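A short write-up of the structure that comes next.
The values are calculated or read from the model by the stated rules, or taken from the named source; none is laboratory data. If you're wondering where the values come from, they're calculated on a predicted model, not measured in any experiment. Here the Cβ positions follow ideal geometry from the backbone for every residue, glycine too, while neighbour counts run over all protein chains shown. Only protein heavy atoms, including side chains, enter the accessible area calculation; ligands, DNA and RNA are left aside. Shrake-Rupley method; radii C 1.70, N 1.55, O 1.52, S 1.80 Å.
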Amino acid sequence: MSPAESPVHEHDNLVLQPRDVRFDWSRLPMHWIPGEPTATHTINVLHLLLPAGERWFVRVFKQALPLITDDRLREDVLGFIGQEAIHAQAHQGVLDHLLAKGLDPGPYVRQVEWLFHRVLGERPGLTPERAREHVVERVAIIAAVEHFTAFLGNWVLNADALDLAGADPVMLDLLRWHGAEEVEHRSVAYDLLRHLDPGYARRIRTMAITGPALYWLWIRGARFLVAADPQPAGPRQKASWRGFLAASRRGLLPSPGAAVCSGARYVRRGYHPTQEGSTRQAVAYLATSPAARAAAH
Amino acid sequence: MSRSLPPDLYGRPRADRMMRVLAAFGDAFFPLSTRPRRRCRPAAANAPPRNLVVATRRAEAEDVVCLRLAAPDGAALPAWRPGAHLDLHLPSGRRRQYSLCGDPADRAAYRIAVRRIETGGGGSVEVHDALPEGTRLTVSGPRNAFPFAAEPCVLFIAGGIGITPILPMAREAARRGLDWRLVYTGRSRARLPFTDELRQLGGRIEIVSGEEHGIPAAADLLRRAPAGAAVYACGPVPMLDGIKAAFDASPATALHCERFAPAPIRGGHPFELHLARSGRALPVPADRSALDVLREAVPAAAYSCRRGLCGICRQRVLTGLVEHRDHRLTDAERAGGAMLVCVSRAPAGERLVLDL
């Protein structure tokens, strides 16, 4: 939407509410993008990272609640954490399904759980001032992660190549319902960060760490899943850069270059999450999503 | 969770290298980045509740009054989009939400329209009887729980006073040149507000009044949707339930309805919450949720959906019999004392001791 058409910030004042979605995985094939194990498993990394990650978002934001002095922002944060809790639960369902199909995500998931508790969790024995700063620092990390989840949400809402490749419709609905809610609530973590620390240093510092760490975790997760896949596509089952890039050129994965450019936009002074993605498109998808419509009954 | 490093990803007999790097980084980074600083002032609230004044009021249809609310100094009001509503803090202390039904381009006033419902909770009667021109009111918002996505092909379905959020959407659809039509239903034409204003928009508008046509079935209303259309529906609950149930068999592909506050509590009894750590006792009346009562005592208590879905408001019950009404907790979690205070309650006179 052009600025001329959009007198209000596009997201302004949307009421955020969790939707009670359910997905039936009983018919999900291991390679839910047919014949594309690399693309399938690269997207599957979401299911490994998100349950632990989004539960951590909820814990940090609950600790941030007493610091909020703006009623509207508090309402946004409360809507946000409910949506994140349901996202975590929905992706957990896929993890359970992978295990039942003979792919044990355990080693990776245990590391991710450990990371969110041991490295990013509470640190005992902090003074009240330091405890507050520790909450705000982690809110800043979440704001940086949310920049990428909105990027991915916007990508998957527009990834027509997935439909053309015959991707499983239930999985596509999970990804697009989740992606649409990420676009819908993309400003909340950033607005919370600006409320608790309007400065620039923290935003830059946390993006400089979060961007590369996420990238690293992602590549590692994709390699792990491809190696652990019980239905190898070829005799030598290994994820390769060539495979990632080929899938992204075909539109089955986001382009790494676009992800880097998106990360760079986050550090611009005039950045606001509403500049990325379209609330209108997200709202339109949620009205057609089989899971979201069933939840509205 | 154990603080020792997790095992290698591929079962090699050593602690995982990436985890070791991240742990060392975290241990160095957080002490530096969380040094107490000169405390910066928290940013100002961006939407404090505001005071407005009833600028004009007029009868819009049988039992419908239309109010224009403006800033006392005539200043421009914050912008809004079709589907937005305003929270009115009425002089009696009641809070009610009303859809904005004016033109978003008119920044001088917010317009709402309210049908008088004698058997309701008293809010609409108060708006009709106790808000003459010049009354000052506190409002919060606008907020939008019914956003308009402006799909190329749209069917609006409005039942009676449900026209209020639809009217600005129809205006925007006309302005954008979308392919849109509206079915507007009600008991009688005299009771339907804004029919003249709608006609000026020049779209295909069909009025179905109960007097002339009987009450239309939801499937009949939906039949007016072209293939692939987006439906926006607002009206009485039975009408919306009918539309949701009949939707899958209709030619339309997208359904938008307003997302309302949770339904009132049914079959609740009064009971008591007891906070173990502070020793406070909080009586919960039959018509209020445990969460609402708890929030008054513990303002930072987290919650989200208020429907027993998301699990955010979970508390641990030390003693007492819980009447579980959520859709989230497993039997094992319930047996372990978990309770979602947004919906779950207790039998009459029961005392629930919370680990708070």
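Listing for the model above:
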item	result
Gain on full stretching of the segment that runs from A:Ser26 to A:Arg268 - 0.36 nm per residue minus C-alpha separation	82.6 nm
Pairs of Cα atoms farther than 17 Å apart, segment B:66-161, %	54 percent
Computed lengthening from B:Arg189 to B:Glu211, 0.36 nm per intervening residue step minus Cα-Cα distance	7.1 nm
Antiparallel bridge percentage (DSSP; both residues within chain B; nearest 5)	60 percent
Estimated buried accessible area (total), pair A and B, 1.4 Å, Å² to nearest 100	6300 Å²
Estimated distance in nm for a label pair at A:Glu122 and B:Arg116, the labels positioned 7 Å out from Cα along Cα-to-Cβ	5.6 nm
For segment B:150-189 versus segment A:239-296, the gap between their alpha-carbon centres in whole angstrom	32 Å
Label-point separation, B:Ser278 to B:Thr56 (7 Å along Cα→Cβ), nm	4.9 nm
Rg(Cα)/(2.2 N^0.38 Å) for chain A, N = residue count	0.99
Partner chain coverage, peptide A:74-87 - average Cβ within 10 angstrom	4
Cα-based Rg / Dmax (Å) for segment A:6-83	17.7, 52
Protection proxy ranking, peptides A:105-115, A:141-151, average beta carbon neighbours within 10 Å, highest first	A:141-151, A:105-115
Hydrodynamic radius of the protein assembly as shown per Kirkwood, over alpha carbon pairs, in Å	26.9 Å
Along principal axes, Cα extents of segment A:79-231, largest first, whole Å	51, 32, 27
Estimated Rh, segment A:196-257: Kirkwood, alpha-carbon pairs, angstrom	14.1 Å
Calculated from backbone phi, Karplus (6.51, -1.76, 1.60) coupling profile of segment B:346-356 in Hz, x at Gly/Pro	8, x, 3, x, 5, 10, 9, 8, 9, 7, 9
For residues of B:249-257, the mean tally of beta carbons on other chains within 10 Å	3
Percent accessible area from carbon and sulfur atoms, the protein assembly as shown, protein chains only, probe 1.4 Å	54 percent
Rough spin-label spacing in nm, given labels placed 7 Å along Cα→Cβ, for B:Asp355 and B:Asp331	2.2 nm
For B:Arg116, net neighbour charge (Lys/Arg +1, Asp/Glu -1) across residues whose Cβ lies under 15 Å away	+1
Radius of gyration and Dmax over the Cα atoms of segment A:143-273, both given in Å	16.7, 54
Antiparallel DSSP beta bridges within the protein assembly as shown, as percent of all bridges there, nearest 5	60 percent
Aspartates and glutamates whose Cα lies under 18 Å from that of B:Lys244, excluding same-chain neighbours fewer than 8 positions away	A:Asp20, B:Asp220, B:Glu258
Unit charges on C-beta of K, R, D, E only; dipole of segment A:48-202, Debye	620 debye
Cα-based equivalent ellipsoid, chain B: semi-axes from gyration tensor eigenvalues, Å	45, 28, 26
